[in-house]
Amino acid sequence: MTELQRILAALRRDGLDVESVEDGALVRDGDTSASVALFAEGTEAGGVLVRLHLDLNLYVDEEALTDVLMGINLMNQSLDYGTLILDPLDTDDEELDGTAGIEGLDESITFAVLGRSVLWLPSLEERELLRLREHLTRFERELSEAVERTLHGEKGIRA
């Protein structure tokens, strides 16, 4: 049984909805609609490195990038279990086929707002798997609440 399979089995036992995908899994706590992508790999020094990825379904146009970056930097200062990043969305392959010049590309770039976190587990003992479960739950909740507060609060980011 691989590290990932052992982690997924433990999360299922804890009542989380776990769906295997190519090289990772989508994990959802029963009461939330967000799915966290989870990837695990053994390290040379021992232990397991677990990467968490949360797609927040927020997109930012290049024109608003400066304001959004300032807001994300401020929000990241208050986060304990993850960080928010901007990830440029891929353009269509047709635009990058080598025949279109710079003029052929869309002038505006769109970025997705993502949550990321990394956790190193020294082993896959029950104690460490419980620590992962707690980290996973708090990661999703903390990032979702921070974004929700910012978008719907009185002092929300205007982008």
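Provide the solvent-accessible area of I109, counting protein heavy atoms only and rolling a 1.4 Å probe, rounded to the nearest 10 Å². That residue has around 70 Å² of solvent-accessible surface. Taking all protein chains as shown and a probe of 1.4 angstrom, S78 keeps an accessible surface of around 70 Å². For segment 38-79, the square roots a ≥ b ≥ c of the C-alpha gyration tensor eigenvalues yield an a/c of 1.5 or more together with a/b exceeding b/c, which makes the shape prolate. Net charge of the neighbourhood of G115, taken over other residues with C-beta under 15 Å away and scored Lys/Arg +1, Asp/Glu -1, is -2. For segment 1-78, the list of GluC sites (Glu not before Pro) that fall in a loop by DSSP and count at most 12 other C-beta atoms within 10 angstrom reads E22, E44.
When the square roots of the Cα gyration tensor eigenvalues are ordered a ≥ b ≥ c, the ratio a/c for segment 1-65 is 1.5 or more and a/b does not exceed b/c, which makes its shape oblate.
The values are calculated or read from the model by the stated rules, or taken from the named source; none is laboratory data. Source: prediction; values computed, not measured. No Cβ is skipped: glycine too gets one built from the backbone with ideal geometry, and neighbour counts run over all protein chains shown. Accessible surface is based on the protein model in full, side chains and every heavy atom, while ligands, DNA and RNA are left aside. Shrake-Rupley method; radii C 1.70, N 1.55, O 1.52, S 1.80 Å.
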